[in-house]
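Q: Have a look at this one.
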Amino acid sequence: MSSREAILNRLRTYRQPKPSQPPQETASTAASASLSMEEKVRLFTENLHAAHAEMITATQEDWMQRLLSLWRETGVHSVIYAPNTPHGESLKSAAHGFPELQLHDYENSIENCKDALFNHIQGGFGAAIAGIAETGTLMVKTGPDEPRALSLVPPTHSLIIHAKDLYADLPEAFHQTQVESALPTNLLLISGPSKTADIQQTLAYGAHGPKRLIVVLIVTEESVRV
C-alpha cells in the first residue's frame, strides 16, 4: 500500500459517522433543574448589577412605557431598532406617545445608516433569546432581523428578556434553546456594558462599544417581581 492510499484510508475511516450517544446529565444540568423561577430572577438580577448593568423589571403590559420613560429621563432621544421583529413593532407603536424620541429603522446594509449609527444615534434596542442567571449574561442571536451593530455601536444598549427564558447556566441555555442546531454568524453573550483591562490590568467600563446596558426583564407573576 502506497503512502497516498494509507492517508486516504485513514481519512475515510475518520469521516465515518459514529453512532450518536444520548446526552448525559451533568451535575450542572441537575443543579439547574432545582432552581425556581424566583431564584433565577434573583441570581440574574444580582449578577447584572454586579456587572454594572441597569435593570427594569416589568410586565408585558407596561415594559415599553417604562423603558421609554427611562430613555426620556436619561437623555436618550434617538434609537435604532430592527423593525421586522415583535419588539420592534411594539417600540414603533408606543413611541407615538413620546414625540421627542427619534426612531431609526436599521436598513439592510450598514453602509446606508453608517453616518447616523456612528455619529448621531444614542441607543440601540433589541431582544435576547436567553438569560443566564449564573453570570447575568444575555444571549443574543444576531441576523437580518436582529443586526449585530445594534449592540456594538450606540453608547446605550437596551435589551428585553422574558423571565421564562432565564436559565441557570450556559449549558442549560444551549440545551433548552437548541441554538447549536442553527448557529448564527454571530451569537453574542453580553454581560454588562463594554469593559477592558488592557491598561495596567485595571478594569475600566465604557472603553469601547456601549457604555451603558439597560435590561428589561418581563415577568408574568407579581411574585417574581424584584
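The values are calculated or read from the model by the stated rules, or taken from the named source; none is laboratory data. Just so it is clear, the model here is predicted, and its values are computed rather than measured. Cβ atoms come from the backbone with ideal geometry, glycine included; neighbour counts cover every protein chain shown. Surface areas here come from the heavy atoms of the whole protein model, side chains and all, with no ligands, DNA or RNA. Shrake-Rupley method; radii C 1.70, N 1.55, O 1.52, S 1.80 Å.
Q: Anything in region 206-225 that is at pLDDT 70 or above and either among the basic types (K, R) or out of contact with any Asp or Glu (no Cβ under 6 Å at 6 or more places or on another chain) (or both)? List them, or say none.
A: Once the filter is applied, which keeps residues that are at pLDDT 70 or above and either among the basic types (K, R) or out of contact with any Asp or Glu (no Cβ under 6 Å at 6 or more places or on another chain) (or both), region 206-225 yields H208, G209, P210, K211, R212, L213, V215, V216, L217, I218, V219, T220.
Q: Now, a different point. List pairs: first in region 75-104 and assigned to a loop (DSSP other than H, G, I, E, B), second aromatic (F, W, Y), Cβ under 6 Å, 6+ apart or cross-chain?
A: Within 6 Å, the pairs are A82/Y106.
Q: Output the residues belonging to region 105-133 that are outside any helix (DSSP H, G or I) and farther than 14 Å from D145 by Cα.
A: Correct list: C113, H120, I121, Q122, G123, A130, G131, I132, A133.
Q: Sticking with this structure for a sec: If I filter region 119-138 for residues that are surrounded by fewer than 18 Cβ atoms within 10 Å (Cβ to Cβ), on the phi < 0 side of the Ramachandran plot and hydroxyl-bearing (S, T, Y), do I get at least one hit?
A: Checked region 119-138: no residue is surrounded by fewer than 18 Cβ atoms within 10 Å (Cβ to Cβ), on the phi < 0 side of the Ramachandran plot and hydroxyl-bearing (S, T, Y).
Q: Looking at E172 and the list (1) modelled with pLDDT under 90; (2) outside any loop (DSSP other than H, G, I, E, B), which single condition is not satisfied?
A: It is condition (1) that E172 fails.
Q: Additional query: Out of the residues in region 154-169 meeting the condition of being free of Cβ contacts under 8 Å to residues at least 60 places away in the same chain and either in a loop (DSSP other than H, G, I, E, B) or buried (at least 21 other Cβ atoms within 10 Å of the Cβ) (or both), tell me which one is farthest from the chain's Cα centre (by Cα).
A: Here the residue is P155.
Q: I'd like to check something: does region 128-135 contain any residue that is in contact with a His (Cβ under 7 Å, 6 or more places away or on another chain), of a type outside the set (G, A, S) and closer than 17 Å to P193 by Cβ?
A: Applying the first criterion (in contact with a His (Cβ under 7 Å, 6 or more places away or on another chain)) to region 128-135 yields none.
No: region 128-135 contains no residue that is in contact with a His (Cβ under 7 Å, 6 or more places away or on another chain), of a type outside the set (G, A, S) and closer than 17 Å to P193 by Cβ.
Q: Now for a separate question. For region 83-92, enumerate the residues that are at pLDDT 90 or above and touching a helix residue (DSSP H, G or I) at 6+ places or on another chain (Cβ under 8 Å).
A: Correct list: S90, L91.
Q: Criterion first (surrounded by fewer than 18 Cβ atoms within 10 Å (Cβ to Cβ), under 17 Å from the mean Cα position of the chain (by Cα), among the acidic types (D, E) and at pLDDT 90 or above) does E54 satisfy it?
A: So E54 fits the description; yes.
Q: Find the residue count for region 188-214, including only residues that are free of Cβ contacts under 8 Å to residues at least 60 places away in the same chain, surrounded by fewer than 16 Cβ atoms within 10 Å (Cβ to Cβ) and of a type outside the set (S, T, N, Q).
A: Of the residues in that region, 9 qualify.
Q: Is it the case that region 144-153 has a residue that's assigned to a strand (DSSP E or B) and surrounded by fewer than 23 Cβ atoms within 10 Å (Cβ to Cβ)? Explain how you work it out, then say what you get.
A: As a first pass, look at region 144-153 and keep what is assigned to a strand (DSSP E or B): 146.
Among the residues that remain, those that are also surrounded by fewer than 23 Cβ atoms within 10 Å (Cβ to Cβ) are: none.
No, region 144-153 contains no residue that is assigned to a strand (DSSP E or B) and surrounded by fewer than 23 Cβ atoms within 10 Å (Cβ to Cβ).
Q: Hey, can you tell me all the residues within region 170-185 that are open to solvent by less than 50 Å² (accessible area, probe 1.4 Å) and closer than 15 Å to A128 by Cα?
A: So in region 170-185, the residues open to solvent by less than 50 Å² (accessible area, probe 1.4 Å) come out as 172-173, 177, 179, 184.
The answer is A173, T177, V179, P184.
Q: Can you tell me which residue in region 51-73 is farthest from T196 (Cα to Cα), limited to those that are free of Cβ contacts under 8 Å to residues at least 12 places away in the same chain and either touching an Asp or Glu at 6+ places or on another chain (Cβ under 9 Å) or not in a helix (DSSP H, G or I) (or both)?
A: E61
Q: So H96 clears everything in (1) modelled with pLDDT of 90 or more; (2) closer than 28 Å to G143 by Cβ; (3) open to solvent by 70 Å² or more (accessible area, probe 1.4 Å) except one condition, right? Which one?
A: (1)
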